[in-house]
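Read-outs throughout are calculated quantities, based only on the coordinates presented, and are distinct from any laboratory measurement. Predicted model only: the values in this text are computed from it and were never measured. Every residue, glycine as well, gets a Cβ built from its backbone with ideal geometry; the counts of neighbours run over all protein chains shown.
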């Protein structure tokens, strides 16, 4: 099963994912590729130069790609096929709203995929972005996609406001248990 987590920048996607992985032995992080700079202590992606990313894209190695805030993100075809064939583990990944639709369509009839949209008020998101080291300008840019992303919430199996991490995790764990 693939668990897709989406939401506006700063909503806590990677924090929630990390906590869920810590609690389940058979839950693995599904890495996608990016040209974004690695944050301190982060190892959530296959980090590529822009040239390498575009070369792989030209070679049709990606199932889907997206340019977000000047950085490229993509899902490799070989990784999706690996998830579909692995019947022992579940995988989790933060994927934007456009990638969610494409991947769920691809998985339809091949493997189970569920999606979760995390939400929080913009003022909370802005504070979280600033607290993790984003400049005020960069935080505003990152939040600028919020309206478009929130407009796609109805595409998700679960929408939850992430203001209390423990509560959010408990709701997600219950949802995943019921989704099996």
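Would you work out if segment 30-125 is rounded, prolate or oblate? Take a ≥ b ≥ c from the square roots of the eigenvalues of the alpha-carbon gyration tensor; rounded if a/c is under 1.5, else prolate when a/b is larger than b/c, oblate otherwise. Cα axes put segment 30-125 in the oblate bin.
If the segment from residue 78 to residue 157 were pulled out straight at 0.36 nm per residue, it would be longer than the present Cα-Cα gap by 25.9 nm. Using the Cβ-Cβ distance between residue 141 and residue 29 with R0 set to 25 Å, the FRET efficiency works out to roughly 0.45. Expressed as a rounded percentage, what relative contact order does the chain have, with Cα pairs under 8 Å and six or more residues apart? This gives 33 percent for the chain. Per DSSP H run of at least 4 residues, take -39500 (n - 2.57); add these up for the chain, divide by its residues and hand me the 222 nm value, nearest 500 deg cm²/dmol. Value at 222 nm, helices only, nearest 500: -12500 deg cm²/dmol. First check a/c for segment 2-179, with a ≥ b ≥ c the square roots of the eigenvalues of its C-alpha gyration tensor; if it is under 1.5, answer rounded, and if not, answer prolate when a/b is larger than b/c or oblate otherwise. Verdict is oblate for segment 2-179. Indicate, rounded to the nearest 5 percent, the antiparallel portion of the DSSP beta bridges found entirely in the chain. Around 30 percent of the beta bridges assigned by DSSP in the chain are antiparallel ones. Under 1.5 on a/c is rounded, so check that first for segment 99-180, then, if it is not, pick prolate when a/b is larger than b/c and oblate when it is not; a ≥ b ≥ c are the square roots of the alpha carbon gyration tensor eigenvalues. In terms of gyration-tensor shape, oblate.
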